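Novice: Okay, here's the structure, questions in a sec.
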């Protein structure tokens with residue numbers, strides 16, 4: 001697995017080097033100089049889509065299971081996504097980290113069930129966004145050959161993922177399977193794991209049955225985040241002195257997302273992300289130098305937030321709040337008054 005990861009990373013870096021050579025380093029540098037200090041504005045601009053994405057997760061919690069402060073939820077999401085981006089694995093590597101950070105406020109069961117719901121609604125929103133982007137791209141111009149295969153494969157992949165997540169988490173199949181396992185393993189780590197699955201399954205079925213509007217709100221929040229992310233593309237193009245229409249910005253942003261999802265096994269989508277941005281930007285009329293610069297500037301913004309997420313992960317430390325609470329309770333338990341202790345008859 002490590003060798004495959006290293007190989008894909010090397011291939012991605014090679015593709016990135018080829019794009020830079022094709023665009024011309026001097027042209028890319030000229031575009032970067034044109035943007036200048038305004039590139040710093042991408043950091044606060046990112047909040048336009050980071051906040052709706054956090055809201056999408058907030059709506060995925062079962063009401064009554066507890067409340068995670070929005071700031072902590074935002075930080076937990078940043079930390080988890082930082083791991084998702086830095087590691088291959090189809091955006092799953094950072095999910096346990098998100099669960100651990102949220103569980104210190106609501107418990108592991110509600111935290112894990114919220115991630116299952118959030119993954120479903122995020123997948124549905126992404127499927128809608130990708131189909132919208134592909135439709136707009138086809139209406140604008142013929143898709144480049146480099147994007148045709150992923151433009152077909154990614155929607156199918158997302159639809160299958162949404163179907164599996166939806167059926168698996170709403171029909172009670174996982175819970176029934178776990179109960180069968182509990183009868184076979186009445187103790188040990190298997191019992192603990194299967195019991196947790198039963199708990200999560202009950203929360204999920206209740207959520208889908210009683211809170212359908214929260215599903216809609218969660219999906220809508222994620223979709224809004226995807227669409228608002230196109231503002232970044234629109235702004236960078238304008239800063240380079242090459243204004244594009246909002247629809248063209250959606251095409252570029254969605255096609256780069258399609259490539260990242262399709263190449264999930266490549267760490268951070270190195271090379272594939274830039275190549276897709278290059279192809280989509282060229283399709284709407286941006287010259288090679290501007291297309292590559294657009295991809296690189298967005299990548300630098302991503303590196304910043306990944307660094308912030310990893311820093312927050314080190315500060316928050318999954319489980320630290322829970323351990324502190326438990327250690328604080330121990331002295332109080334040991335200082336019980338003598339009158340409350342058991343007396344011998």
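Novice: So residue 81 ticks every box in (1) more than 26 Å from residue 310 (Cβ to Cβ); (2) surrounded by 14 or more Cβ atoms within 10 Å (Cβ to Cβ) but one. Which box is left unticked?
Specialist: (1)
Residue-wise test of (1) within 16 Å of residue 297 (Cα to Cα); (2) surrounded by 12 or more Cβ atoms within 10 Å (Cβ to Cβ).
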position: 8; (1), (2): no, yes
position: 11; (1), (2): no, yes
position: 17; (1), (2): yes, no
position: 34; (1), (2): yes, yes
position: 41; (1), (2): yes, yes
position: 46; (1), (2): yes, yes
position: 51; (1), (2): no, yes
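Novice: Let me ask something else about it. One residue is enough: does the range 282-297 have a residue meeting the conditions at pLDDT 55 or above, in a helix (DSSP H, G or I) and either over 22 Å from residue 21 (Cα atoms) or out of contact with any helix residue (DSSP H, G or I) (no Cβ under 6 Å at 6 or more places or on another chain) (or both)?
Specialist: yes
Novice: I'd like to verify a number: residues in the range 215-245 that are within 16 Å of residue 45 (Cα to Cα) and part of a helix (DSSP H, G or I), how many?
Specialist: Residues in the range 215-245 being within 16 Å of residue 45 (Cα to Cα) and part of a helix (DSSP H, G or I): 15 in total.
Condition check ((1) at pLDDT below 85; (2) more than 29 Å from residue 75 (Cα to Cα)) across all residues:
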| residue | (1), (2) |
| --- | --- |
| 3 | yes, yes |
| 11 | yes, yes |
| 15 | yes, yes |
| 23 | yes, yes |
| 26 | no, yes |
| 33 | no, yes |
| 41 | no, no |
| 44 | no, no |
| 51 | no, no |
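Novice: Checking the structure you have, find out if any residue of the range 267-280 is buried (at least 21 other Cβ atoms within 10 Å of the Cβ), in contact (Cβ under 8 Å) with a residue 12 or more places away in the chain and not in a helix (DSSP H, G or I).
Specialist: Within the range 267-280, one or more residues are buried (at least 21 other Cβ atoms within 10 Å of the Cβ), in contact (Cβ under 8 Å) with a residue 12 or more places away in the chain and not in a helix (DSSP H, G or I).
Novice: Criterion first (modelled with pLDDT of 90 or more and in a helix (DSSP H, G or I)) does residue 314 satisfy it?
Specialist: Details: modelled with pLDDT of 90 or more: no; in a helix (DSSP H, G or I): yes.
It is false that residue 314 is modelled with pLDDT of 90 or more and in a helix (DSSP H, G or I).
Novice: Among 158, 143, which is at negative phi, in contact with a helix residue (DSSP H, G or I) (Cβ under 7 Å, 6 or more places away or on another chain) and not in a helix (DSSP H, G or I)? If you could, list the steps in order and put the result at the bottom.
Specialist: Working: 158 fails: not in a helix (DSSP H, G or I).
Checking each option against the conditions leaves just 143.
Novice: Take the range 206-241 and flag every residue that is surrounded by 22 or more Cβ atoms within 10 Å (Cβ to Cβ), more than 19 Å from residue 131 (Cα to Cα) and modelled with pLDDT under 90.
Specialist: Listed by number, the list holds a single entry, 207.
The values are calculated or read from the model by the stated rules, or taken from the named source; none is laboratory data. In this text the structure is predicted, and so the values were computed from the model without any measurement. Every residue, glycine among them, receives a Cβ derived from its backbone with ideal geometry; neighbour counts consider all protein chains shown.
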